[in-house]
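Below is one structure, written out as C-alpha coordinates; the observations come after it.
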Ligand SMILES: Cc1cc2nc3c(=O)[nH]c(=O)nc-3n(C[C@H](O)[C@H](O)[C@H](O)COP(=O)(O)OP(=O)(O)OC[C@H]3O[C@@H](n4cnc5c(N)ncnc54)[C@H](O)[C@@H]3O)c2cc1C
(Lines give C-alpha, C1' and ligand atoms only; values in the text may rest on other atoms or scores of the structure.)
Protein backbone atom coordinates (compact mmCIF):
# COMPACT_ATOMS: atom_id res chain seq x y z
CA UNK A 1 0.00 0.00 0.00
CA UNK A 2 1.21 3.53 -0.74
CA UNK A 3 2.28 5.72 2.17
CA UNK A 4 -0.70 7.81 3.36
CA UNK A 5 -0.10 11.45 4.24
CA UNK A 6 -3.13 13.15 5.79
CA UNK A 7 -3.01 16.93 6.25
CA UNK A 8 -5.48 18.49 8.71
CA UNK A 9 -6.40 22.12 8.01
CA UNK A 10 -6.10 24.07 4.77
CA UNK A 11 -4.93 27.43 6.06
CA UNK A 12 -1.63 28.99 5.07
CA UNK A 13 0.34 26.25 6.79
CA UNK A 14 -1.75 23.20 5.86
CA UNK A 15 -2.38 24.11 2.24
CA UNK A 16 1.30 24.87 1.71
CA UNK A 17 2.22 21.57 3.36
CA UNK A 18 -0.24 19.56 1.26
CA UNK A 19 1.00 21.08 -1.98
CA UNK A 20 4.64 20.60 -1.12
CA UNK A 21 4.06 17.01 0.07
CA UNK A 22 2.10 16.13 -3.06
CA UNK A 23 4.96 17.39 -5.20
CA UNK A 24 7.80 15.75 -3.29
CA UNK A 25 6.40 12.51 -1.87
CA UNK A 26 6.51 10.29 -4.94
CA UNK A 27 3.80 7.62 -4.83
CA UNK A 28 2.40 8.69 -1.46
CA UNK A 29 -1.31 9.51 -1.26
CA UNK A 30 -1.92 13.01 0.05
CA UNK A 31 -5.33 13.85 1.55
CA UNK A 32 -6.16 17.36 2.76
CA UNK A 33 -9.02 17.69 5.26
CA UNK A 34 -10.63 21.06 5.89
CA UNK A 35 -13.83 22.25 7.53
CA UNK A 36 -14.81 24.32 4.50
CA UNK A 37 -14.25 24.00 0.76
CA UNK A 38 -12.73 27.50 0.59
CA UNK A 39 -9.28 28.83 1.38
CA UNK A 40 -9.70 31.65 3.89
CA UNK A 41 -7.38 34.63 3.69
CA UNK A 42 -7.35 34.95 7.42
CA UNK A 43 -5.13 38.01 7.33
CA UNK A 44 -8.04 39.87 5.68
CA UNK A 45 -10.75 38.98 8.20
CA UNK A 46 -10.74 42.49 9.68
CA UNK A 47 -11.67 43.66 6.18
CA UNK A 48 -14.50 41.12 6.08
CA UNK A 49 -15.70 42.47 9.45
CA UNK A 50 -16.12 45.94 7.90
CA UNK A 51 -18.10 44.57 4.95
CA UNK A 52 -15.36 44.38 2.32
CA UNK A 53 -15.43 41.64 -0.28
CA UNK A 54 -12.42 39.33 -0.42
CA UNK A 55 -11.41 36.87 -3.12
CA UNK A 56 -13.38 33.63 -3.44
CA UNK A 57 -10.78 30.87 -3.39
CA UNK A 58 -12.20 27.32 -3.76
CA UNK A 59 -9.69 24.78 -2.45
CA UNK A 60 -10.43 22.42 -5.33
CA UNK A 61 -9.01 24.99 -7.74
CA UNK A 62 -5.97 25.64 -5.56
CA UNK A 63 -5.22 21.91 -5.44
CA UNK A 64 -5.79 21.39 -9.15
CA UNK A 65 -2.91 19.50 -10.75
CA UNK A 66 -1.28 18.51 -7.46
CA UNK A 67 -2.80 15.04 -7.10
CA UNK A 68 -3.83 15.79 -3.51
CA UNK A 69 -7.36 14.77 -2.59
CA UNK A 70 -9.63 17.21 -0.74
CA UNK A 71 -12.00 16.01 1.99
CA UNK A 72 -14.39 18.66 3.27
CA UNK A 73 -15.27 17.69 6.84
CA UNK A 74 -14.61 18.75 10.40
CA UNK A 75 -12.01 16.77 12.32
CA UNK A 76 -13.54 15.66 15.61
CA UNK A 77 -10.92 13.33 17.04
CA UNK A 78 -7.38 12.03 16.79
CA UNK A 79 -6.28 8.57 17.91
CA UNK A 80 -2.50 8.86 17.80
CA UNK A 81 -1.90 5.21 18.78
CA UNK A 82 -4.13 3.84 16.02
CA UNK A 83 -2.94 6.59 13.63
CA UNK A 84 -6.49 7.52 12.79
CA UNK A 85 -8.51 10.75 12.59
CA UNK A 86 -12.27 10.89 13.02
CA UNK A 87 -14.46 13.21 10.97
CA UNK A 88 -17.86 14.73 11.73
CA UNK A 89 -19.46 12.87 8.81
CA UNK A 90 -18.76 9.59 10.61
CA UNK A 91 -15.77 8.64 8.50
CA UNK A 92 -12.31 7.79 9.81
CA UNK A 93 -9.03 8.34 7.96
CA UNK A 94 -5.95 6.25 8.66
CA UNK A 95 -2.54 7.77 8.12
CA UNK A 96 1.10 6.84 8.07
CA UNK A 97 2.18 10.47 8.39
CA UNK A 98 -0.08 13.21 9.74
CA UNK A 99 0.41 16.92 9.16
CA UNK A 100 -1.51 18.77 11.84
CA UNK A 101 -2.34 22.38 10.87
CA UNK A 102 -5.68 23.27 12.46
CA UNK A 103 -4.76 26.88 13.26
CA UNK A 104 -6.24 28.91 16.08
CA UNK A 105 -9.37 30.69 17.28
CA UNK A 106 -10.01 33.69 19.53
CA UNK A 107 -9.28 32.85 23.16
CA UNK A 108 -12.54 34.00 24.73
CA UNK A 109 -12.02 32.44 28.15
CA UNK A 110 -9.41 34.85 29.45
CA UNK A 111 -11.80 37.23 31.21
CA UNK A 112 -15.37 36.73 32.45
CA UNK A 113 -18.09 37.69 30.01
CA UNK A 114 -15.96 37.58 26.86
CA UNK A 115 -17.38 34.28 25.65
CA UNK A 116 -20.97 35.50 26.10
CA UNK A 117 -20.62 39.07 24.89
CA UNK A 118 -17.47 39.66 22.84
CA UNK A 119 -17.21 39.40 19.08
CA UNK A 120 -14.04 38.35 17.27
CA UNK A 121 -12.21 38.33 13.93
CA UNK A 122 -10.30 35.06 14.21
CA UNK A 123 -12.54 32.93 11.99
CA UNK A 124 -14.76 33.77 9.00
CA UNK A 125 -17.94 33.18 11.02
CA UNK A 126 -16.70 35.62 13.70
CA UNK A 127 -15.94 38.32 11.14
CA UNK A 128 -19.27 37.81 9.36
CA UNK A 129 -21.17 38.12 12.66
CA UNK A 130 -19.40 41.40 13.33
CA UNK A 131 -20.10 42.65 9.77
CA UNK A 132 -23.81 41.87 10.20
CA UNK A 133 -23.96 43.83 13.47
CA UNK A 134 -22.03 46.81 12.12
CA UNK A 135 -24.97 48.83 10.68
CA UNK A 136 -26.51 49.01 14.19
CA UNK A 137 -23.34 50.09 15.99
CA UNK A 138 -22.49 53.59 17.15
CA UNK A 139 -19.38 52.52 19.02
CA UNK A 140 -16.99 49.61 19.08
CA UNK A 141 -14.17 48.75 21.47
CA UNK A 142 -11.36 46.52 20.30
CA UNK A 143 -9.38 44.69 22.98
CA UNK A 144 -5.79 43.86 22.03
CA UNK A 145 -2.84 46.12 21.25
CA UNK A 146 -1.06 43.52 19.12
CA UNK A 147 -1.14 43.47 15.36
CA UNK A 148 -4.61 41.94 14.98
CA UNK A 149 -6.19 44.43 17.39
CA UNK A 150 -4.44 47.35 15.70
CA UNK A 151 -5.52 46.29 12.22
CA UNK A 152 -9.09 45.68 13.36
CA UNK A 153 -9.52 49.02 15.15
CA UNK A 154 -7.89 50.83 12.22
CA UNK A 155 -10.13 49.11 9.69
CA UNK A 156 -13.25 50.22 11.59
CA UNK A 157 -11.98 53.79 11.87
CA UNK A 158 -11.09 53.88 8.18
CA UNK A 159 -14.24 52.22 6.83
CA UNK A 160 -16.77 53.87 9.19
CA UNK A 161 -15.63 57.43 10.02
CA UNK A 162 -18.75 58.12 12.14
CA UNK A 163 -18.17 55.15 14.43
CA UNK A 164 -16.62 55.76 17.86
CA UNK A 165 -13.65 53.41 18.15
CA UNK A 166 -11.69 52.61 21.33
CA UNK A 167 -8.62 50.37 21.43
CA UNK A 168 -7.75 48.83 24.80
CA UNK A 169 -4.53 47.03 25.61
CA UNK A 170 -3.01 45.55 28.75
CA UNK A 171 0.45 46.75 27.70
CA UNK A 172 1.57 49.32 25.17
CA UNK A 173 0.32 49.66 21.63
CA UNK A 174 2.30 47.56 19.13
CA UNK A 175 4.70 46.14 21.71
CA UNK A 176 6.50 44.01 19.09
CA UNK A 177 7.36 47.08 16.99
CA UNK A 178 10.12 49.67 17.36
CA UNK A 179 9.55 53.24 18.66
CA UNK A 180 9.23 54.89 15.23
CA UNK A 181 6.60 52.42 14.16
CA UNK A 182 4.70 52.87 17.42
CA UNK A 183 4.80 56.66 17.05
CA UNK A 184 3.21 56.34 13.65
CA UNK A 185 0.45 54.17 15.07
CA UNK A 186 -0.31 56.71 17.80
CA UNK A 187 -0.37 59.58 15.31
CA UNK A 188 -2.63 57.67 12.93
CA UNK A 189 -5.13 56.68 15.62
CA UNK A 190 -5.16 60.21 17.10
CA UNK A 191 -5.81 61.63 13.62
CA UNK A 192 -8.80 59.33 13.21
CA UNK A 193 -10.27 60.09 16.63
CA UNK A 194 -9.58 56.58 17.97
CA UNK A 195 -8.97 56.56 21.73
CA UNK A 196 -6.12 54.25 22.70
CA UNK A 197 -6.11 52.98 26.30
CA UNK A 198 -2.66 51.57 27.14
CA UNK A 199 -1.73 49.66 30.31
CA UNK A 200 -5.44 49.00 30.81
CA UNK A 201 -6.04 45.32 31.50
CA UNK A 202 -9.66 44.26 31.06
CA UNK A 203 -11.43 42.70 34.05
CA UNK A 204 -14.69 41.70 32.39
CA UNK A 205 -16.83 42.10 29.31
CA UNK A 206 -20.57 42.85 29.51
CA UNK A 207 -23.42 43.27 27.03
CA UNK A 208 -23.00 47.06 27.08
CA UNK A 209 -19.21 47.42 27.24
CA UNK A 210 -16.38 46.40 29.51
CA UNK A 211 -14.81 47.04 32.88
CA UNK A 212 -11.08 47.59 33.36
CA UNK A 213 -9.11 46.13 36.26
CA UNK A 214 -8.78 49.62 37.78
CA UNK A 215 -12.58 49.79 38.03
CA UNK A 216 -13.19 52.13 35.08
CA UNK A 217 -16.11 51.27 32.84
CA UNK A 218 -16.03 51.70 29.07
CA UNK A 219 -19.53 51.59 27.57
CA UNK A 220 -19.62 50.30 24.01
CA UNK A 221 -22.20 48.89 21.61
CA UNK A 222 -19.81 46.06 20.71
CA UNK A 223 -16.61 44.63 22.14
CA UNK A 224 -14.20 42.82 19.81
CA UNK A 225 -11.75 40.42 21.40
CA UNK A 226 -8.40 40.45 19.58
CA UNK A 227 -6.15 39.92 22.58
CA UNK A 228 -5.16 36.33 22.17
CA UNK A 229 -5.64 33.12 20.27
CA UNK A 230 -5.98 29.53 21.37
CA UNK A 231 -5.44 26.26 19.54
CA UNK A 232 -7.82 23.27 19.38
CA UNK A 233 -7.47 20.77 22.23
CA UNK A 234 -7.41 17.78 19.84
CA UNK A 235 -3.63 17.32 20.04
CA UNK A 236 -3.43 17.57 23.82
CA UNK A 237 -6.45 15.26 24.16
CA UNK A 238 -4.64 12.70 21.99
CA UNK A 239 -1.61 12.72 24.30
CA UNK A 240 0.79 14.76 22.16
CA UNK A 241 3.36 16.82 24.05
CA UNK A 242 2.14 20.42 24.17
CA UNK A 243 3.16 23.65 25.87
CA UNK A 244 1.05 25.61 28.38
CA UNK A 245 -1.07 27.01 25.53
CA UNK A 246 -1.76 23.59 23.99
CA UNK A 247 0.66 24.12 21.08
CA UNK A 248 2.48 20.99 19.91
CA UNK A 249 6.18 20.90 20.75
CA UNK A 250 8.09 20.05 17.59
CA UNK A 251 11.71 19.29 16.79
CA UNK A 252 13.85 21.10 14.24
CA UNK A 253 12.25 19.21 11.33
CA UNK A 254 8.75 20.08 12.71
CA UNK A 255 7.91 16.55 13.93
CA UNK A 256 5.99 16.33 17.20
CA UNK A 257 8.50 15.58 19.95
CA UNK A 258 6.33 12.81 21.36
CA UNK A 259 5.00 11.45 18.03
CA UNK A 260 7.57 11.63 15.22
CA UNK A 261 5.04 10.44 12.63
CA UNK A 262 3.08 13.67 13.23
CA UNK A 263 4.31 16.92 11.71
CA UNK A 264 2.82 20.10 13.22
CA UNK A 265 2.88 23.45 11.43
CA UNK A 266 1.44 26.94 11.74
CA UNK A 267 -0.26 28.37 14.82
CA UNK A 268 -0.63 24.93 16.43
CA UNK A 269 3.13 24.31 16.65
CA UNK A 270 5.73 25.74 18.96
CA UNK A 271 9.46 25.74 18.54
CA UNK A 272 12.18 28.27 19.08
CA UNK A 273 12.84 30.37 15.96
CA UNK A 274 16.33 31.87 16.31
CA UNK A 275 16.05 31.46 20.07
CA UNK A 276 12.52 32.89 20.57
CA UNK A 277 9.19 31.10 20.68
CA UNK A 278 7.53 31.08 17.25
CA UNK A 279 4.98 33.88 16.94
CA UNK A 280 1.53 32.83 15.71
CA UNK A 281 1.66 34.42 12.28
CA UNK A 282 1.24 33.80 8.63
CA UNK A 283 4.80 34.97 8.21
CA UNK A 284 6.23 31.99 10.05
CA UNK A 285 3.24 29.63 9.51
CA UNK A 286 3.62 29.60 5.75
CA UNK A 287 7.32 28.64 5.62
CA UNK A 288 6.61 26.16 8.41
CA UNK A 289 3.89 24.60 6.26
CA UNK A 290 6.14 24.33 3.24
CA UNK A 291 8.87 22.72 5.29
CA UNK A 292 6.34 20.48 6.99
CA UNK A 293 5.34 19.20 3.55
CA UNK A 294 8.97 18.39 2.80
CA UNK A 295 9.33 16.60 6.13
CA UNK A 296 6.18 14.55 5.43
CA UNK A 297 7.53 13.69 1.98
CA UNK A 298 10.86 12.61 3.47
CA UNK A 299 9.06 10.34 5.94
CA UNK A 300 7.04 8.84 3.07
CA UNK A 301 10.27 8.09 1.22
CA UNK A 302 11.93 6.63 4.32
CA UNK A 303 14.47 9.45 4.49
CA UNK A 304 15.75 11.48 7.41
CA UNK A 305 13.93 14.87 7.36
CA UNK A 306 15.97 18.05 7.17
CA UNK A 307 15.96 20.85 9.74
CA UNK A 308 13.66 23.78 9.00
CA UNK A 309 15.46 27.07 8.40
CA UNK A 310 13.00 29.63 9.72
CA UNK A 311 13.62 33.33 10.12
CA UNK A 312 11.65 36.54 10.36
CA UNK A 313 11.89 39.45 7.97
CA UNK A 314 9.50 42.01 9.39
CA UNK A 315 5.95 42.84 10.39
CA UNK A 316 3.42 44.42 8.04
CA UNK A 317 0.50 46.19 9.66
CA UNK A 318 -2.38 47.73 7.72
CA UNK A 319 -4.03 50.93 8.94
CA UNK A 320 -7.17 50.84 6.87
CA UNK A 321 -6.69 50.72 3.12
CA UNK A 322 -4.41 53.71 2.61
CA UNK A 323 -1.82 53.58 5.39
CA UNK A 324 0.25 51.11 7.33
CA UNK A 325 3.52 50.27 9.01
CA UNK A 326 6.21 47.92 7.77
CA UNK A 327 8.69 47.18 10.52
CA UNK A 328 11.73 45.26 9.32
CA UNK A 329 13.27 42.93 11.85
CA UNK A 330 16.27 40.75 12.53
CA UNK A 331 16.02 37.01 11.89
CA UNK A 332 14.90 36.50 15.52
CA UNK A 333 11.93 38.92 15.14
CA UNK A 334 13.47 41.82 17.07
CA UNK A 335 12.68 45.09 15.30
CA UNK A 336 15.42 47.14 13.62
CA UNK A 337 14.49 50.52 15.05
CA UNK A 338 15.25 52.68 12.01
CA UNK A 339 14.06 50.23 9.35
CA UNK A 340 10.44 51.34 9.15
CA UNK A 341 8.21 52.28 6.24
CA UNK A 342 4.93 54.07 6.94
CA UNK A 343 2.05 55.68 5.06
CA UNK A 344 0.83 54.81 1.59
CA UNK A 345 4.07 53.01 0.69
CA UNK A 346 3.60 50.67 3.67
CA UNK A 347 -0.02 50.02 2.66
CA UNK A 348 1.18 49.06 -0.81
CA UNK A 349 3.87 46.73 0.55
CA UNK A 350 1.35 45.04 2.84
CA UNK A 351 -1.17 44.58 0.03
CA UNK A 352 1.55 43.17 -2.25
CA UNK A 353 2.65 40.68 0.42
CA UNK A 354 -0.93 39.51 1.03
CA UNK A 355 -1.66 39.18 -2.69
CA UNK A 356 1.58 37.36 -3.42
CA UNK A 357 0.73 34.83 -0.72
CA UNK A 358 -2.47 33.95 -2.55
CA UNK A 359 -0.70 33.99 -5.89
CA UNK A 360 1.78 31.47 -4.50
CA UNK A 361 -1.06 29.35 -3.11
CA UNK A 362 -2.53 29.11 -6.60
CA UNK A 363 0.62 27.62 -8.08
CA UNK A 364 1.17 23.88 -7.82
CA UNK A 365 4.89 24.62 -7.37
CA UNK A 366 4.15 27.00 -4.53
CA UNK A 367 7.37 26.21 -2.72
CA UNK A 368 9.54 27.50 -5.51
CA UNK A 369 8.10 30.98 -5.16
CA UNK A 370 8.59 31.54 -1.47
C1 LIG B 1 -7.66 39.52 11.43
C2 LIG B 1 -6.32 38.84 11.40
C3 LIG B 1 -5.25 39.48 10.76
C4 LIG B 1 -4.01 38.84 10.71
N5 LIG B 1 -2.97 39.48 10.07
C6 LIG B 1 -1.79 38.87 9.97
C7 LIG B 1 -0.72 39.49 9.26
O8 LIG B 1 -0.85 40.58 8.73
N9 LIG B 1 0.48 38.81 9.18
C10 LIG B 1 0.67 37.60 9.76
O11 LIG B 1 1.77 37.05 9.64
N12 LIG B 1 -0.33 36.98 10.46
C13 LIG B 1 -1.54 37.59 10.57
N14 LIG B 1 -2.57 36.97 11.25
C15 LIG B 1 -2.32 35.65 11.85
C16 LIG B 1 -2.46 34.58 10.77
O17 LIG B 1 -3.70 34.71 10.11
C18 LIG B 1 -2.36 33.18 11.38
O19 LIG B 1 -1.18 33.10 12.14
C20 LIG B 1 -2.35 32.15 10.27
O21 LIG B 1 -3.59 32.14 9.60
C22 LIG B 1 -2.03 30.76 10.81
O23 LIG B 1 -2.08 29.84 9.76
P24 LIG B 1 -2.54 28.33 10.04
O25 LIG B 1 -2.50 27.66 8.71
O26 LIG B 1 -1.78 27.80 11.18
O27 LIG B 1 -4.05 28.45 10.55
P28 LIG B 1 -5.37 28.97 9.80
O29 LIG B 1 -5.04 29.96 8.75
O30 LIG B 1 -6.27 29.38 10.91
O31 LIG B 1 -5.94 27.66 9.10
C32 LIG B 1 -6.47 26.58 9.82
C33 LIG B 1 -7.40 25.80 8.93
O34 LIG B 1 -7.86 24.67 9.64
C35 LIG B 1 -9.27 24.53 9.49
N36 LIG B 1 -9.80 23.86 10.67
C37 LIG B 1 -9.75 24.27 11.96
N38 LIG B 1 -10.30 23.36 12.76
C39 LIG B 1 -10.72 22.35 11.96
C40 LIG B 1 -11.35 21.10 12.21
N41 LIG B 1 -11.66 20.69 13.45
N42 LIG B 1 -11.62 20.30 11.16
C43 LIG B 1 -11.29 20.68 9.90
N44 LIG B 1 -10.69 21.85 9.62
C45 LIG B 1 -10.41 22.66 10.63
C46 LIG B 1 -9.76 25.98 9.35
O47 LIG B 1 -11.03 26.01 8.72
C48 LIG B 1 -8.65 26.58 8.51
O49 LIG B 1 -8.89 26.40 7.14
C50 LIG B 1 -3.82 37.58 11.31
C51 LIG B 1 -4.90 36.95 11.96
C52 LIG B 1 -6.15 37.57 12.00
C53 LIG B 1 -7.28 36.87 12.68
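List of remarks:
- Members of the range 88-109 that are over 24 Å from residue 288 (Cβ atoms) and crowded, with 18+ Cβ neighbours inside 10 Å: 108
- Restricting 206, 181, 200, 190 to residues that are touching a strand residue (DSSP E or B) at 6+ places or on another chain (Cβ under 6 Å) and farther than 14 Å from residue 144 by Cβ narrows the list to 181.
- Only listed residue being modelled with pLDDT under 95 and either within 16 Å of the ligand (Cβ to nearest atom) or under 28 Å from residue 250 (Cα atoms) (or both), chosen from 324, 367, 320: 367
Here is a yes/no grid of residues against (1) out of contact with any helix residue (DSSP H, G or I) (no Cβ under 6 Å at 6 or more places or on another chain); (2) more than 15 Å from the ligand (Cβ to nearest atom); (3) in a helix (DSSP H, G or I):
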{"site": "98", "(1), (2), (3)": "yes, no, no"}
{"site": "103", "(1), (2), (3)": "no, no, no"}
{"site": "111", "(1), (2), (3)": "yes, yes, no"}
{"site": "115", "(1), (2), (3)": "yes, yes, yes"}
{"site": "125", "(1), (2), (3)": "yes, no, yes"}
{"site": "132", "(1), (2), (3)": "yes, yes, yes"}
{"site": "142", "(1), (2), (3)": "no, no, no"}
{"site": "145", "(1), (2), (3)": "yes, no, no"}
{"site": "153", "(1), (2), (3)": "yes, no, yes"}
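- Identification of strands (runs of 3 or more DSSP E) wholly contained in the range 200-240 with 2 or more residues that are within 16 Å of the ligand (Cβ to nearest atom), surrounded by 16 or more Cβ atoms within 10 Å (Cβ to Cβ) and at pLDDT 95 or above yields 222-225.
- Pairing each residue of the range 12-39 that is over 12 Å from residue 69 (Cβ atoms) and not assigned by TED's automatic domain parsing to the domain that holds residue 306 with any residue that is in a loop (DSSP other than H, G, I, E, B) and within 13 Å of the ligand (Cβ to nearest atom), provided the two are 6+ apart or on different chains, yields no C-beta distance under 9 Å.
- Of the residues 177, 167, 173, the single one that is part of a loop (DSSP other than H, G, I, E, B), touching a helix residue (DSSP H, G or I) at 6+ places or on another chain (Cβ under 6 Å) and surrounded by 15 or more Cβ atoms within 10 Å (Cβ to Cβ) is 173.
- Verdict on residue 62 being part of a helix (DSSP H, G or I), near the ligand (Cβ under 10 Å from one of its atoms) and under 25 Å from residue 287 (Cβ atoms): no
- Number of residues in the range 185-196 that are under 25 Å from the mean Cα position of the chain (by Cα) and part of a strand (DSSP E or B): the value is 1.
- Residues of the range 285-314 satisfying the condition of being within 11 Å of the ligand (Cβ to nearest atom) and crowded, with 24+ Cβ neighbours inside 10 Å: 285, 288, 289, 292
The values are calculated or read from the model by the stated rules, or taken from the named source; none is laboratory data. What you are looking at is a predicted structure, and each value in this text was computed from that prediction instead of being measured. Please note: Cβ atoms are built from the backbone with ideal geometry, for glycine as well, and neighbour counts cover all protein chains shown.
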